[in-house]
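Below you'll find the structure, written out as structure tokens, and then a few comments.
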Amino acid sequence: MNNGASATSPHNSFQTHFLDIHEVLPEDEEEEGVIKMEDNKVTSSKKGLQKPIKLRELKRPQRSFNRQVSLETGFSVLGVESKAKDEKKVLRRSGRSFGGFDSANRVGAEARKGDFNIFRTKSTLSKQNSLLPTRKEKEMENQRAEGATGLNQPVNKSVPVGRYFDALRGPELDQVKDSEDILLPKDEIWPFLLRFPINCFGICLGLSSQAVLWRALSTSPATKFLHVTPFINLSLWLLALATLISVSITYLLKCIHYFEAVKREYFHPVRVNFFFAPWVVCMFLAIGLPPMLEPAKLHPAIWCAFMGPYFFLELKIYGQWLSGGKRRLCKVANPSSHLSVVGNFVGAILASKVGWIEAAKFLWSIGFAHYIVVFVTLYQRLPTSEALPKELHPVYSMFIAAPSAASIAWGSIYSEFDGCSRTCFFIALFLYISLVVRINFFTGFRFSVAWWSYTFPMTTASVATIKYAEQVPSVLSKGLALCLSFMSSTMVSVLFVSTLLHALFWKTLFPNDLAIAITKKRLVKEKKPFKKAYDIKRWTKQALTKNNSGDKEFNGENKVV
């Protein structure tokens with residue numbers, strides 16, 4: 001009896017244990033297996049042999065169930081980290097990450113071309129191509145859809161002015177800091193129109209102001225002893241006109257194809273001032289017109305055509321300075337801001353030539369008032385203003401342009417180089433000397449197109465000196481006029497040769513314009529993976545401590561028993 005009981009007891013315990021498992025996991029395959037085993041009425045010994053086999057069968061659905069759980073958690077993680085993926089989509093366009101892990105995910109050169117389409121005007125070409133997607137585009141459709149919002153947000157919306165100061169460095173704010181990321185790849189050559197900056201109008205400023213200078217040298221009584229031929233003025237005027245036409249057409253094409261990039265240049269605190277340059281160049285060309293081509297009197301329509309757009313643009317800029325918003329003067333003031341002031345004095349000179357004296361006085365008053373404000377703001381460097389670059393550069397020659405042009409304009413309005421004209425001239429002369437004596441401040445910088453815009457202040461100071469020599473004829477005044485004119489012409493000649501070398505031989509005149517590709521917000525690398533690794537370690541430690549505590553309790557119970 002004891003043997004029988006001992007024989008049946010394991011059978012009953014096994015059968016009860018088997019039924020419990022059957023109720024917990026009601027799988028179809030398991031139920032069929034249980035019915036077959038009950039119908040065959042196998043012995044307990046055979047069931048004992050089948051016991052480990054059945055345990056394996058019971059473990060299989062658990063593995064599949066674990067895989068299902070992992071998939072569910074995986075989808076939940078993907079849902080939680082969707083924002084992180086969007087940010088990674090933006091980071092893929094950076095210079096640092098473009099050649100890394102993302103290079104394997106790109107398909108052919110089409111993906112690279114698509115990177116530059118984010119600055120296209122309305123992206124009309126990409127929309128047409130999206131109607132007939134290729135097989136490769138279909139594979140990347142989900143990724144592009146997820147990254148579209150993250151990419152368009154910093155491109156289509158205006159970048160805050162403080163962001164330019166935070167992300168960029170250099171005297172012209174054209175170099176991206178090492179800690180920043182950009183939207184376009186650094187290791188590729190961008191399309192030419194994207195690399196063509198608004199600063200190219202500085203070339204026109206330098207050449208057109210030289211035409212005015214050589215007209216003064218050939219017609220002024222103070223420099224009559226030089227016997228300067230007027231053909232130099234004619235050749236420079238034609239060269240400046242051809243340069244203006246070519247630069248204007250090229251930048252107009254950029255406005256048509258890459259208007260988003262143009263908008264970013266407009267919101268740039270330095271480059272926004274170069275939008276005044278085309279109209280200043282046109283007025284310089286009208287003033288420096290060769291005598292052989294000049295009519296008896298310029299028509300007032302010329303002044304209206306050139307000064308009208310300039311006036312409406314300065315209403316916008318001066319309104320931002322005055323309104324006290326994010327683009328107030330103390331936030332965006334830089335030496336290039338003088339470009340938005342000099343045009344008033346140049347317009348006053350042209351207005352006096354067409355016979356509109358009152359309009360000339362009006363513009364002179366506006367320019368002088370805003371010059372004082374800009375000069376004081378830049379001189380003080382208010383603690384509340386954005387930090388300007390520490391490096392001194394020829395950009396500081398902009399301080400000379402406004403007082404020099406003001407002295408010429410006052411003399412042109414009142415037909416006399418009187419006390420007010422001389423006061424402005426002496427201010428410009430002092431600033432000129434204070435910058436020239438610091439030669440080491442102008443060394444150690446790479447050549448860029450923006451250097452051209454720093455030549456016309458020197459030329460304007462030379463013309464003002466010639467006007468002063470006419471009013472106060474002396475050896476000192478004439479020698480000063482010749483010296484400043486020689487320095488100005490030499491600087492323009494050196495820059496002209498350097499521009500030709502960089503454009504034709506070295507082909508480095510237009511590098512990638514990184515300043516327009518900064519992100520709207522600073523992109524910080526994700527630190528979640530590190531947190532996950534830390535969490536895994538923490539969970540592992542907790543599991544080990546629980547297992548150790550459970551083993552200790554179990555051992556203690558055994559000892560008690």
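Structural remarks
- Among the residues of the stretch 294-314, those identified as open to solvent by 90 Å² or more (accessible area, probe 1.4 Å) and either at pLDDT below 95 or outside any helix (DSSP H, G or I) (or both) are Ala296, Lys297, His299.
- Condition check for Phe425: closer than 24 Å to Ser218 by Cα, of a type in the set (Phe, Trp, Tyr) and open to solvent by less than 50 Å² (accessible area, probe 1.4 Å): yes
- For Ser462: the one exception among (1) within 27 Å of the chain's Cα centre (by Cα); (2) modelled with pLDDT of 95 or more: (1)
- Residue pairs whose Cβ atoms lie under 8 Å apart, sitting 6 or more positions apart in sequence or on different chains, and linking a residue in the stretch 350-363 that is more than 13 Å from Ile408 (Cα to Cα) to a partner that is open to solvent by 20 Å² or more (accessible area, probe 1.4 Å) and part of a helix (DSSP H, G or I), are Val354/Pro300; Val354/Ile302; Val354/Trp303; Gly355/Pro300; Trp356/Pro300; Trp356/Trp303; Ala359/Trp303.
- Residues of the stretch 404-421 classified as surrounded by fewer than 24 Cβ atoms within 10 Å (Cβ to Cβ) and either over 13 Å from Leu350 (Cα atoms) or among the hydrophobic types (A, V, I, L, M, F, W, C) (or both), total: 9
- Which numbered condition Leu495 fails, given (1) more than 20 Å from Phe430 (Cβ to Cβ); (2) among the aliphatic types (A, V, I, L, M); (3) free of Cβ contacts under 8 Å to residues at least 12 places away in the same chain: (3)
- Test: residue in the stretch 449-461 that is open to solvent by 70 Å² or more (accessible area, probe 1.4 Å) and either within 19 Å of Gly288 (Cβ to Cβ) or in contact (Cβ under 8 Å) with a residue 40 or more places away in the chain (or both): no
- From Phe306, Phe284, Phe275, residue being within 18 Å of the chain's Cα centre (by Cα) and closer than 28 Å to Val463 by Cα: Phe275
- Exactly one residue out of Lys331, Lys297 is among the basic types (Lys, Arg) and farther than 29 Å from Ser412 by Cα: that is Lys331.
- Among all residues of the stretch 408-418, there is at least one that is under 15 Å from Thr460 (Cβ atoms) and either touching a strand residue (DSSP E or B) at 6+ places or on another chain (Cβ under 8 Å) or among the β-branched types (Val, Ile, Thr) (or both).
- The lone criterion from (1) hydrophobic (A, V, I, L, M, F, W, C); (2) open to solvent by 10 Å² or more (accessible area, probe 1.4 Å); (3) at pLDDT below 95; (4) closer than 21 Å to Pro278 by Cα left unmet by Leu322 is number (4).
- Residues that are hydroxyl-bearing (Ser, Thr, Tyr) and either closer than 19 Å to Pro295 by Cα or free of Cβ contacts under 8 Å to residues at least 12 places away in the same chain (or both) within the stretch 364-375 comprise just one, Ser365.
- Matching residues in the stretch 315-349 - criterion: being of a type outside the set (A, V, I, L, M), in contact (Cβ under 8 Å) with a residue 24 or more places away in the chain and part of a loop (DSSP other than H, G, I, E, B): Lys326, Arg327, Asn334
The values are calculated or read from the model by the stated rules, or taken from the named source; none is laboratory data. Everything quoted here is computed from the prediction, not taken from an experiment. Note that we place each Cβ from the backbone using ideal geometry, even for glycine, and neighbour counts take in every protein chain shown. Each accessible area value is taken on the protein alone, full model and side chains, heavy atoms only, with ligands, DNA and RNA left out. Shrake-Rupley method; radii C 1.70, N 1.55, O 1.52, S 1.80 Å.
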